[in-house]
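S.K.: Mind looking over this structure? Questions follow.
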Amino acid sequence: MTVTPDLLRSENFAEVGQILQQDAARLIERWSAQAVKEQPNAQRLHHQSLLNELPRLLTELGRSLAEASERNSGYCRPAIQHGEQRWEAGWSLGEVVRDYQLLRVVLVQYLEEKLARSLSSHELMAIGLCLDDAIAASVDAFVRNRDEYLRGLEQQRAEQDQRIKEELQHREEVLRQADRHKNEFLATLSHELRNPLAPLRNIVGVLELHETNDPVILQIREIIQRQVQQMVRLVDDLTDVSRIAQGKIELRKERVSLSAVLEQVLQMAEPILAAHQHKLHVTLVKEPLWMEGDPTRLAQVFLNLLNNSAKYTDPGGQVWLTSAREDNRAIVRVRDSGIGIDPEMLPHIFELFTQAEWSLSRSQGGLGIGLTLVRRLVEMHNGTITAHSAGRNHGSEFAVLLPLLSEGVSGEE
Ligand code: ADP
């Protein structure tokens with residue numbers, strides 16, 4: 001007759017079943033001693049609690065084998081709890097399955113010792129069937145608990161992500177608002193400062209027309225003139241930076257020769273370089289370097305850089321201005337032998353209101369706006385600007401890269 005699981009389930013295995021019921025506690029002890037040897041890495045911390053359900057599992061299993069008429073899977077209930085406990089104790093799925101494999105071996109050995117004979121193939125298969133059911137129930141409980149735990153974790157993580165996202169959004173909004181307020185303040189400030197400046201400039205003009213040889217008056221006139229000029233420069237910078245922040249600066253672009261712009265800048269920078277007794281070295285390429293740009297804003301860029309070189313270099317220093325072509329780009333470098341820039345400061349040098357502490361005394365009333373403007377203007381010309389310095393008292397170099405018109409490649413003069 002073919003052996004089927006149903007057939008095995010309908011058979012009675014009284015001897016085996018009774019031993020299992022009577023000796024459940026002893027069997028568990030053997031199994032447990034063996035298990036600790038076999039799986040020393042499995043967490044045994046909750047060993048005692050793990051054993052709680054096992055005697056019941058074996059008793060139920062024994063009953064099921066002994067009473068075929070009442071064959072039920074009552075042993076599955078403790079198996080489920082067994083699986084849940086092992087998950088809670090931190091076992092892996094592999095360890096749970098190996099534990100049952102061990103139980104099977106221990107059971108068979110014990111029964112054969114006790115019966116003083118080999119188990120029949122039906123007995124072996126029937127025990128195997130029951131144990132397989134128990135493993136399935138145990139593993140199922142283990143996996144269900146694990147999945148629930150993972151789902152919980154996932155939910156926790158999703159909630160946390162959501163909280164972080166909301167917090168970031170909130171902070172972003174606060175920053176944006178602060179930035180808006182700052183921009184509005186800059187716009188109002190530059191506007192309000194401009195108002196009293198206009199009549200002051202007119203007065204300076206009128207004073208210049210007034211002829212006098214009085215040295216005191218001449219000196220006062222000169223001081224007022226200089227201070228008003230300085231104020232005008234600061235307010236112009238402020239106005240520009242607030243316009244940039246609000247995206248209100250527009251370039252008046254035209255086909256322009258960068259070399260011509262640089263020649264013009266040299267003339268404009270001459271007085272400040274001379275005032276500091278700096279030696280200026282100029283190496284400009286002969287070609288015109290045609291580009292699409294706003295000549296006034298381009299001049300502002302290089303004048304600003306030369307002014308900084310003059311300011312941040314001790315009197316009698318060296319300043320270099322060079323231009324070169326690299327394929328379809330122009331590179332203009334403004335270098336000086338001045339106080340240099342701290343390496344930690346370099347990455348921030350183009351940020352608004354950034355001023356290095358050691359240069360403050362030379363800033364001559366600057367506000368840390370110039371380089372922000374310079375970078376923005378260069379970027380509006382699709383160019384880039386970088387700053388280099390080997391550190392304190394090792395000078396600084398600013399390199400500006402600007403795209404040239406392709407017709408310039410043919411060497412048009
Ligand atoms: P300001 O000159 O008004 O302070 P800038 O934006 O032009 O503002 O420059 C920002 C800061 O960068 C300066 O305060 C100074 O610390 C540093 N800096 C700029 N140019 C140079 C330079 N050529 N050498 C050394 N430091 C410089």
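The values are calculated or read from the model by the stated rules, or taken from the named source; none is laboratory data. Because the structure is predicted, anything quoted here is derived from the model rather than measured. When we count neighbours, we look across all protein chains shown, and the Cβ atoms used for this are built from the backbone with ideal geometry, even at glycine. Side chains are part of the model used for accessible areas, which takes the heavy atoms of the whole protein and leaves out ligands, DNA and RNA. Shrake-Rupley method; radii C 1.70, N 1.55, O 1.52, S 1.80 Å.
S.K.: Give the range 291-310 a look and list any residue that's open to solvent by 30 Å² or more (accessible area, probe 1.4 Å) and either free of Cβ contacts under 8 Å to residues at least 12 places away in the same chain or more than 16 Å from the ligand (Cβ to nearest atom) (or both), or say none.
M.R.: E292, P295, T296
S.K.: Name the helices (runs of 4 or more DSSP H) wholly inside the range 36-93 in which the number of residues that are at pLDDT 80 or above and surrounded by fewer than 21 Cβ atoms within 10 Å (Cβ to Cβ) is 1 or more.
M.R.: 54-66, 76-88
S.K.: Which of the following residues is part of a strand (DSSP E or B) and either among the β-branched types (V, I, T) or outside the structural domain of A260 (by TED's automatic domain parsing) (or both): V332, V374?
M.R.: On inspection, the qualifying residue turns out to be V332.
S.K.: Moving to a separate point now. Of all the residues that make up the range 109-141, how many are open to solvent by 80 Å² or more (accessible area, probe 1.4 Å) and within 56 Å of the chain's Cα centre (by Cα)?
M.R.: 1
S.K.: For the range 317-348, what are the residues that are under 24 Å from L280 (Cα atoms) and within 8 Å of the ligand (Cβ to nearest atom)?
M.R.: V334, D336, G338, I339, G340, I341 - these are the residues of the range 317-348 that are under 24 Å from L280 (Cα atoms) and within 8 Å of the ligand (Cβ to nearest atom).
S.K.: May I pose another question? Could we say that G391 is more than 34 Å from the chain's Cα centre (by Cα) and in a loop (DSSP other than H, G, I, E, B) here?
M.R.: no
S.K.: Is it the case that some residue within the range 334-345 is touching a residue at least 24 places away in the same chain (Cβ under 8 Å), under 38 Å from the mean Cα position of the chain (by Cα) and at positive phi?
M.R.: Looking for residues that are touching a residue at least 24 places away in the same chain (Cβ under 8 Å), under 38 Å from the mean Cα position of the chain (by Cα) and at positive phi, one finds at least one in the range 334-345, hence yes.
S.K.: May I ask you to verify whether K279 is of a type in the set (K, R) and either touching a strand residue (DSSP E or B) at 6+ places or on another chain (Cβ under 6 Å) or surrounded by 21 or more Cβ atoms within 10 Å (Cβ to Cβ) (or both)?
M.R.: yes
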